[in-house]
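The values are calculated or read from the model by the stated rules, or taken from the named source; none is laboratory data. Model, not experiment: these values are computed from the prediction. Note that we place each Cβ from the backbone using ideal geometry, even for glycine, and neighbour counts take in every protein chain shown.
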């Protein structure tokens, strides 16, 4: 028994720390796509994101990306996922908004609109625009396959959003998106946020990844997962069983 106890103590000393079963990841980058005929407008570094239709009947779509692989082990089993954004301004009452997997890689630049940021700013190098997944600031580089961005037709999550405060999307499909990213990190292209595009005056303004410096609430992805036990952890369980006192007959 004493030798068993010593062995367990040794394994505890060398066993790696186990991954936790919950992480909250803040957005690494995000942007707003501003509907325009020439793809000249962008917002890659502002404190806000927009999605929905403006009062001028122009569409806005938000895109977000999270570095999932840096926080969740690749062999983990994802049990639930929540995408949380903060609405700081809204039009049109409660509206349904959907989350869709991005299908094309995109980048962000240094464009930062003044004031409310609603009109956007001239696109700069690296910005994603209505026409470009990545632009050189002169109307080139990488085009979306379709104007307004490339995303899965089926929504990963849907939510009737309110006009202020935290909004939380969650679903089995959203968890499946994250599980797929763990299996294939190259598939992590982020998500689109689409507002109600069926009517004017439905746009929502969300705090962006850059909003923390202004007192905003940065978009976050909350992931619950079950880690695969390390070999050392498995050995500890086995030795623990051996160390149980046996009843004399």
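List of remarks:
- Being under 30 Å from residue 125 (Cβ atoms), assigned to a loop (DSSP other than H, G, I, E, B) and modelled with pLDDT of 95 or more holds for only one residue in 51, 45, 31, and it is 45.
- Any hit, segment 64-72, residues being assigned to a strand (DSSP E or B) and surrounded by 21 or more Cβ atoms within 10 Å (Cβ to Cβ): yes
- Enumeration of residues in segment 207-228 that are in a loop (DSSP other than H, G, I, E, B) and either under 13 Å from the mean Cα position of the chain (by Cα) or modelled with pLDDT of 95 or more (or both): 208, 209, 210, 215, 216, 217, 218, 219
- Number of the exception - residue 8 against (1) surrounded by 15 or more Cβ atoms within 10 Å (Cβ to Cβ); (2) touching a helix residue (DSSP H, G or I) at 6+ places or on another chain (Cβ under 8 Å); (3) at pLDDT 95 or above: (3)
- Listing of strands (runs of 3 or more DSSP E) fully contained in segment 99-198 that carry 3 or more residues being closer than 19 Å to residue 36 by Cβ: 132-134, 191-194
- Qualifying residue in segment 94-108 (condition: more than 17 Å from residue 62 (Cβ to Cβ) and modelled with pLDDT of 95 or more): yes
- Taking the numbered list (1) in contact (Cβ under 8 Å) with a residue 40 or more places away in the chain; (2) surrounded by fewer than 19 Cβ atoms within 10 Å (Cβ to Cβ); (3) within 21 Å of residue 67 (Cβ to Cβ) in turn, residue 186 passes all entries but (1).
- For residue 201, the stated conditions hold: it is at positive phi and either part of a loop (DSSP other than H, G, I, E, B) or touching a helix residue (DSSP H, G or I) at 6+ places or on another chain (Cβ under 8 Å) (or both).
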